[in-house]
Amino acid sequence: MADPSLLAALRQYVGFDDASAHRLRTLAPLVRPFYPTIVDQFYEAILQDPGAHAVLRNESQVARLKLSLRDWLEGLFTGPYDEEYFEKRARIGRMHVKVGLEQRYMLAAMNVIRAGLHRGLAEVSPGGVDQVLDHQAVDQICDIELAIMLETYREDYVLKKTAEAESLAVMG
C-alpha cells in the first residue's frame, strides 16, 4: 500500500505549496469549460491505440470512464491535497494495474491531459508572471499525480516478484 507520507515529499520536491493549491482552486472555474474537450481528446487517443483500447470493454464503460475523468480533473483543481486525495489517486493507479493498463499508456495519457489543460489555460490566464505561475501549478500537480500512479505500478511489480519468489521457494 502506497505510503501517504509520499504526498508531502512529492509536494516539497516539485514546490507545490499552499499558494499553488490556491492558484489551482482559483483556476478551476476558468478551466472547467475545457474538461469536455480534454476528456474527448483523451479517449480519442485511447481508442486509436490497440494496446490502450484493449482494456476497454464497451461503449457504456467508456461513458462511465469519461465521467470519472471529469471528476478526476475537478479534483485536480479543487483538492484538498491531503491523505484522502493521495489514497484516491493511489486507488486509480491500482485500478490501472488491475485492468492491465501498461504503465506507458498512463504516462502518455497524462501528456494528453496536460496539453489540453495548457491550451485551455492559454486562453483564460492573464499574461505575464501570473500565466507562468498558472502553468507551473498545473505541471506540479500533474507531476504529483504521475508519481502517485507510478508508485502503484512499482508496488504491483514488487508484489508480483515477491509472489514469484515465494512460489519458487515452495517448489524448491
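Worth pointing out:
- The listed residues are Phe42, Phe16, and the only one of them that is under 17 Å from the mean Cα position of the chain (by Cα), outside any helix (DSSP H, G or I) and in contact (Cβ under 8 Å) with a residue 40 or more places away in the chain turns out to be Phe16.
- For region 112-131, the condition holds for no residue, the condition being that it is under 18 Å from Leu6 (Cβ atoms), surrounded by 15 or more Cβ atoms within 10 Å (Cβ to Cβ) and of a type outside the set (Val, Ile, Thr).
- Single unsatisfied condition, Arg114 versus (1) over 18 Å from Ala45 (Cβ atoms); (2) at pLDDT 90 or above: (1)
- Restricting attention to region 136-160 and to residues that are at pLDDT 90 or above and open to solvent by 40 Å² or more (accessible area, probe 1.4 Å), the residue that is farthest from the chain's Cα centre (by Cα) turns out to be Gln136.
- Residue in region 100-110 that is at pLDDT below 95 and over 21 Å from Ala147 (Cβ atoms) present: yes
- Meets criteria (closer than 23 Å to Ala122 by Cα, in contact with a Ser or Thr (Cβ under 6 Å, 6 or more places away or on another chain) and of a type outside the set (Ser, Thr, Tyr)) for Ala28: yes
- Region 116-134 residues that are over 21 Å from Gly15 (Cα atoms), paired with ones that are open to solvent by less than 70 Å² (accessible area, probe 1.4 Å) (beta carbon under 6 Å, 6 or more apart): Gly116/Ile38; Gly116/Gln41; Gly120/Val31; Gly120/Phe34
- Some residue of region 86-106 being more than 30 Å from His22 (Cβ to Cβ), assigned to a helix (DSSP H, G or I) and over 14 Å from the mean Cα position of the chain (by Cα): yes
- Within region 93-111, considering residues that are surrounded by 19 or more Cβ atoms within 10 Å (Cβ to Cβ) and of a type in the set (A, V, I, L, M, F, W, C), the one farthest from Gln41 (Cα to Cα): Val97
- Filtered by the rule that a residue be open to solvent by less than 20 Å² (accessible area, probe 1.4 Å) and outside any helix (DSSP H, G or I), region 50-78 gives no residues.
- Test: Leu47 is assigned to a helix (DSSP H, G or I), without any contact (Cβ under 8 Å) to a residue 24 or more places away in the chain and touching a helix residue (DSSP H, G or I) at 6+ places or on another chain (Cβ under 9 Å): yes
- Within region 21-49, considering residues that are of a type in the set (Ser, Thr, Tyr) and more than 24 Å from Val97 (Cβ to Cβ), the one surrounded by the most Cβ atoms within 10 Å (Cβ to Cβ): Tyr35
- Filtered residue count, region 58-92, keeping only those that are in contact with a helix residue (DSSP H, G or I) (Cβ under 8 Å, 6 or more places away or on another chain) and among the charged types (D, E, K, R): 7
The values are calculated or read from the model by the stated rules, or taken from the named source; none is laboratory data. Note that this is a predicted model, so its numbers are computed, not measured. Neighbour counts run over all protein chains shown; Cβ positions are idealised from the backbone, glycine included. Ligands, DNA and RNA are stripped out before the accessible areas are found, and what is left, the full protein with its side chains, is counted by its heavy atoms. Shrake-Rupley method; radii C 1.70, N 1.55, O 1.52, S 1.80 Å.
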